[in-house]
Every structure is written in structure tokens, then in C-alpha cells.
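*Asks:* Mind having a look at this structure? Questions to follow.
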Amino acid sequence: MKLITNGIKGTEDILPGESYKWQFVEDIMRKQALAYGFKEIRTPVFEHTELFNRSVGDTTDVVQKEMYTFTTKGGESVTLRPEGTAGAARAMLEHGVYNDGYPIKAYYLTSCYRYEKPQKGRQREFHQFGMEVYGAPSCLADAEVICAAHSIFERLGVNDLSLELNSIGCEKCRPNYHKALREYFESKKDQLCETCLSRLDRNPMRILDCKSPVCSEIAAHAPTVLNYICEDCQAHFEGVKDCLAAAGIRYQVNPHIVRGLDYYTRTVFEFVSNDIGAQGTVCGGGRYDGLIEELGGTHTPSLGFGMGIERLLLLLESRKIEIPAPPVCDLYVIGIGDEAKRRAFTIIEGVRNASLIAEGDIVGRSIKAQMKYADKIKAKFTMVIGDNELAEGSAKLRNMETGTETIVPLNDGFFEHFFAAYVENDQSGLLQQLEEMKG
Ligand code: ATP
Ligand code: MG
């Protein structure tokens with residue numbers, strides 16, 4: 001039969017055999033977020049379009065070219081989130097989370113949507129892990145979020161990404177820089193792309209982020225922002241660098257980094273790899289002191305980053321970093337005959353209640369096929385229950401790795417015997433699971 005349709009271009013399915021890789025990475029992200037004092041925030045996949053126009057900025061590629069915007073049946077314009085910060089900031093304001101006091105530290109693990117040209121490391125639906133801090137002006141906060149991102153890479157065994165750091169100033173010093181940029185780009189006006197021409201007046205910094213080869217070549221020789229930032233921004237930037245140095249984190253100042261979204265001020269940073277092709281930026285972030293005001297709140301120094309999970313997985317793959325295989329079935333029970341099948345079923349349920357993995361046949365396989373299947377799923381133990389076993393009240397528990405068989409009672413005492421055999425077989429595994437259950 002022909003499929004009615006395929007998945008949408010630029011989207012990817014994460015299939016059951018692959019999802020453990022995502023879970024592994026996400027688990028590390030959650031643990032590190034917790035260690036840094038961040039709690040999870042979940043916001044809707046769509047928001048009023050105006051939210052992104054205002055926060056991301058209407059001279060950015062994201063707003064001008066990449067948003068999935070549509071009109072609802074009720075006539076409202078809504079947009080699928082292209083990034084995680086705007087929704088988090090909106091929710092924080094809407095629910096007055098700041099009444100609980102600053103700083104507010106939140107993280108998200110979420111899907112994002114951008115209508116881009118799909119290629120390796122660039123999709124239309126992709127996933128981000130992000131951290132957000134609200135109400136923290138100190139350079140220690142900048143260093144903290146950078147260290148948090150860094151710690152995730154370290155935990156994953158990626159320790160050679162290049163951390164590129166820059167400061168793009170504040171509302172006080174930005175106008176001087178804009179003026180210098182405008183003068184420079186005016187002189188190259190005839191070579192700039194249409195979009196950049198339209199940005200020249202309103203936001204010349206956006207031209208620095210243009211992906212067209214001609215514009216980026218021109219941008220490479222543009223005046224650099226570090227020559228224009230004010231004393232306060234300079235001092236803040238020095239503070240960030242000092243903290244990073246104190247934490248032993250290597251960085252490179254890259255005056256060309258401006259980031260693709262309008263809301264950034266002062267610190268901006270990217271973690272970049274050369275191993276995953278052209279889309280080498282795995283994580284990007286910085287400070288956005290003006291964002292909350294832009295959304296109608298009071299002045300709230302804020303910052304954060306977004307990390308692309310697809311790009312991170314590509315990176316792990318390119319480095320051949322092994323992701324631990326998911327746990328396998330602990331016990332596969334075969335029941336022969338109706339009563340034995342019921343007994344098998346209750347044993348399986350009991351083992352599952354003890355947080356181990358147990359399975360039995362639900363597709364109607366023959367006994368031989370079930371044996372093969374138990375082998376295929378790498379079950380650690382198998383047990384066959386038939387009329388004889390029911391009559392005797394005991395069955396043979398087979399350790400599939402060693403081939404040893406132990407007689408275990410089927411009624412009272414099954415679990416003690418099973419666990420004893422289990423511990424003997426895989427002590428570290430069980431202990432680890434017990435630890436996790438306690439945790
Ligand atoms: P790029 O310059 O590669 O387009 P960006 O500046 O638009 O990136 P951000 O908005 O900063 O990206 O998003 C943070 C991170 O999310 C990026 O560093 C990247 O890892 C990931 N990301 C962004 N867009 C995509 C996409 N279309 N597909 C996959 N990952 C993406
Ligand atoms: Mg982009």
C-alpha cells in the first residue's frame with residue numbers, strides 16, 4: 001500500500017532505535033542545569049507573532065525570512081517558536097515570576113521552527129537546549145552561563161570546541177558603532193544584497209550576520225565593535241574574561257560575532273566546531289539587557305544561550321563518541337498454555353514493578369520464535385513456564401550469557417531468587433539502578 005504522505009521537508013523523525021541518544025544528551029543537560037540552579041520552563045509551541053517581531057527583531061533573518069507564521073480561524077497571527085527565549089521571557093512577565101525575586105534561572109528543551117534551506121545541521125524543525133537568567137547584571141552571570149554550556153560539552157567528552165567571545169556594547173555605545181558601520185557600508189552599497197540594503201538604515205549590524213558570500217566578504221573588513229564600546233561595557237567584558245580565565249576556560253575574542261537576533265547587548269558568544277561542516281555553531285548566546293523592557297517589563301538585565309541538539313549529536317558522531325546503549329530486557333518469560341501464560345504475565349508485571357525490564361510474548365510467536373526473540377533483544381534471563389512447572393511450583397531461570405540455570409519458585413520467593421541471580425549476574429547494573437531509584 002502506498003503511504004498517504006511523507007514527513008515534511010526539513011523535519012526528522014527520531015525513531016525508537018535512536019531516541020536513547022537524545023535521552024542521553026538531554027539527561028546530561030538536565031543534570032547540568034540542575035547543578036547550576038536552573039529549573040525547567042515549558043512554553044507553548046506557538047505565540048502571537050508580535051512577540052517574535054518585537055523580541056527577535058524585525059530586521060533579522062529569523063523574522064524577515066524564516067518564521068512559520070499563519071492566521072488562525074479566529075483571525076489572529078500566530079508563529080511557531082523560532083527560538084526559546086521570547087516565549088520564556090513572555091511567560092516570566094505574564095506570570096510575574098519576578099515577584100519571587102531575582103535571579104530567575106530557567107532552562108528549556110524544546111523544538112524550534114525556521115523556514116530555512118535544509119542541509120546538514122540545518123533543519124526546519126530542530127531542537128534546542130537553552131538556559132535563561134533574568135535579573136542578573138553581574139559579569140559573574142555571563143561567566144556562569146558560559147561555564148554551564150561548557151560543562152555540558154565536557155560531560156559529553158567534547159573538550160576542544162572553540163569558544164568565541166565578543167561584546168557588542170549597549171544602547172549607549174551602539175549608536176556610535178552604527179554610525180561607523182553605516183559610513184563603511186554606504187561606500188559598498190552597490191555590492192550589498194537587497195536585504196542588507198534594507199538593513200543599512202535601520203540596523204546595519206545585521207549586515208555583519210548576512211550569509212551571502214559577497215556581503216560576508218564586505219562585512220569581514222567592517223569596523224569592529226570592540227573599538228566603539230563604552231567604558232562600562234569594556235569593564236563588564238573584562239570582568240567576563242577574568243572569570244572565564246579563573247575557571248580555566250579558554251576563549252578567543254572574535255570581534256566579528258554579533259549573533260543573529262536583535263536582542264543582544266554586551267556579551268555574545270558561540271561554541272564552534274570545525275568537524276560538522278558549514279553549520280559549525282553548536283551553541284550561541286549572550287546578554288540581552290533590553291529584552292524585557294522591549295516586551296513591556298521594567299529594565300531587567302538578562303542573558304542566556306541556545307544549544308542546537310541536532311548539531312551536538314552530529315558532533316558526537318563525527319568524534320565517534322560512544323553513547324551508552326539503552327538498558328536491555330532483564331527477564332523474558334515464556335508461558336505455554338493459558339494458565340502458564342497468566343502466571344508468566346503476573347511475574348513479568350512484578351519484575352516491572354521493581355523497576356527492572358521484563359517482557360513476554362504479545363504477538364503470538366511460537367515457543368522457538370520467542371526464544372529467538374529473547375536472544376535478539378539480548379534478554380539477560382529467560383524462563384519457561386509450562387504445565388510441569390506449574391505443577392511443581394518452580395521453573396528454570398536461565399542466564400543467557402553464561403547458560404547457567406537456577407531453579408526458582410514460581411510463587412512465594414520468586415523475586416528473592418530472581419534478584420539473587422540477577423545480582424550475581426550483573427551486580428553493578430542492579431546497584432546502579434537501585435541508586436537511581438533512590439535518587
Ligand atoms: P546559524 O548562524 O547557524 O543560522 P543562528 O545564529 O541562527 O545559527 P541561534 O538562533 O543562535 O542560531 O540558535 C542557537 C543554536 O541553535 C545554533 O547555534 C544552532 O546550534 C542551533 N540552530 C539554529 N538554527 C538551526 C537550524 N535551522 N537547524 C538546526 N539547528 C539550528
Ligand atoms: Mg540562523
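*Asks:* Of everything in the stretch 173-212 that's open to solvent by 50 Å² or more (accessible area, probe 1.4 Å) and in a loop (DSSP other than H, G, I, E, B), which residue is modelled with the lowest pLDDT?
*Replies:* Applying the filter and picking the extreme gives 211.
*Asks:* Take residue 99 and decide whether it is free of Cβ contacts under 8 Å to residues at least 60 places away in the same chain and either among the β-branched types (Val, Ile, Thr) or exposed (fewer than 14 other Cβ atoms within 10 Å of the Cβ) (or both).
*Replies:* So residue 99 passes the test.
*Asks:* Same structure again: Restricting to the stretch 79-88, and then to whatever is open to solvent by less than 10 Å² (accessible area, probe 1.4 Å) and touching a helix residue (DSSP H, G or I) at 6+ places or on another chain (Cβ under 6 Å), can you tell me which residue is nearest to ligand 2 (Cβ to nearest atom)?
*Replies:* So the residue we want is 82.
*Asks:* Right, here's the next one. Any residue at all in the stretch 108-119 that's open to solvent by 30 Å² or more (accessible area, probe 1.4 Å), touching a helix residue (DSSP H, G or I) at 6+ places or on another chain (Cβ under 9 Å), within 16 Å of ligand 1 (Cβ to nearest atom) and among the hydroxyl-bearing types (Ser, Thr, Tyr)?
*Replies:* yes
*Asks:* Among the residues of the stretch 282-317, what is the count of those that are over 14 Å from the mean Cα position of the chain (by Cα) and either among the acidic types (Asp, Glu) or surrounded by fewer than 21 Cβ atoms within 10 Å (Cβ to Cβ) (or both)?
*Replies:* 10
*Asks:* Give just the number: which of (1) in the same structural domain as residue 265 (by TED's automatic domain parsing); (2) hydrophobic (A, V, I, L, M, F, W, C); (3) without any contact (Cβ under 8 Å) to a residue 24 or more places away in the chain does residue 14 not satisfy?
*Replies:* Residue 14 satisfies every listed condition except (1).
*Asks:* Let me ask another. Consider only pairs whose beta carbons are under 6 Å apart and that are at least six residues apart or on different chains; among these, list those whose first residue lies in the stretch 33-47 and is within 17 Å of residue 67 (Cα to Cα) and whose second residue is of a type in the set (Val, Ile, Thr).
*Replies:* What qualifies is 46/78.
*Asks:* Need the failing condition index for residue 320 against (1) within 16 Å of ligand 2 (Cβ to nearest atom); (2) open to solvent by 40 Å² or more (accessible area, probe 1.4 Å); (3) assigned to a loop (DSSP other than H, G, I, E, B), just the number.
*Replies:* (1)
*Asks:* Further, regarding this structure: Quick one: how many residues across the stretch 367-412 are assigned to a loop (DSSP other than H, G, I, E, B), over 11 Å from residue 332 (Cα atoms) and under 43 Å from the mean Cα position of the chain (by Cα)?
*Replies:* 3
*Asks:* Go through the stretch 37-77 and give me each residue that's open to solvent by 60 Å² or more (accessible area, probe 1.4 Å), away from ligand 2 (no atom under 16 Å from the Cβ) and under 23 Å from the mean Cα position of the chain (by Cα).
*Replies:* Within the stretch 37-77, 39, 40, 42, 44, 46 qualify.
*Asks:* Do you know which residues across the stretch 120-135 are away from ligand 2 (no atom under 15 Å from the Cβ) and surrounded by 21 or more Cβ atoms within 10 Å (Cβ to Cβ)?
*Replies:* 129, 131, 132, 133, 134 - these are the residues of the stretch 120-135 that are away from ligand 2 (no atom under 15 Å from the Cβ) and surrounded by 21 or more Cβ atoms within 10 Å (Cβ to Cβ).
*Asks:* I would also like to ask the following. Only one of (1) at positive phi; (2) within 12 Å of ligand 1 (Cβ to nearest atom) fails for residue 84. Which number is that?
*Replies:* The one condition residue 84 does not meet is (1).
*Asks:* Continuing with the same structure: Of all the residues that make up the stretch 214-260, how many are of a type outside the set (Gly, Ala, Ser), within 16 Å of ligand 2 (Cβ to nearest atom) and open to solvent by 20 Å² or more (accessible area, probe 1.4 Å)?
*Replies:* Summing the residues that are of a type outside the set (Gly, Ala, Ser), within 16 Å of ligand 2 (Cβ to nearest atom) and open to solvent by 20 Å² or more (accessible area, probe 1.4 Å) in the stretch 214-260 gives 2.
*Asks:* Go through the stretch 287-311 and give me each residue that's away from ligand 2 (no atom under 16 Å from the Cβ) and in a helix (DSSP H, G or I).
*Replies:* Listed by number, the residues that qualify are 291, 292, 293, 294.
The values are calculated or read from the model by the stated rules, or taken from the named source; none is laboratory data. What you see is a predicted model, and the numbers here were worked out from it, not measured in a lab. Here Cβ is always computed from backbone atoms with ideal geometry, including for glycine, and neighbour counts include all displayed protein chains. Areas reflect the complete protein model, heavy atoms only, side chains present, ligands, DNA and RNA absent. Shrake-Rupley method; radii C 1.70, N 1.55, O 1.52, S 1.80 Å.
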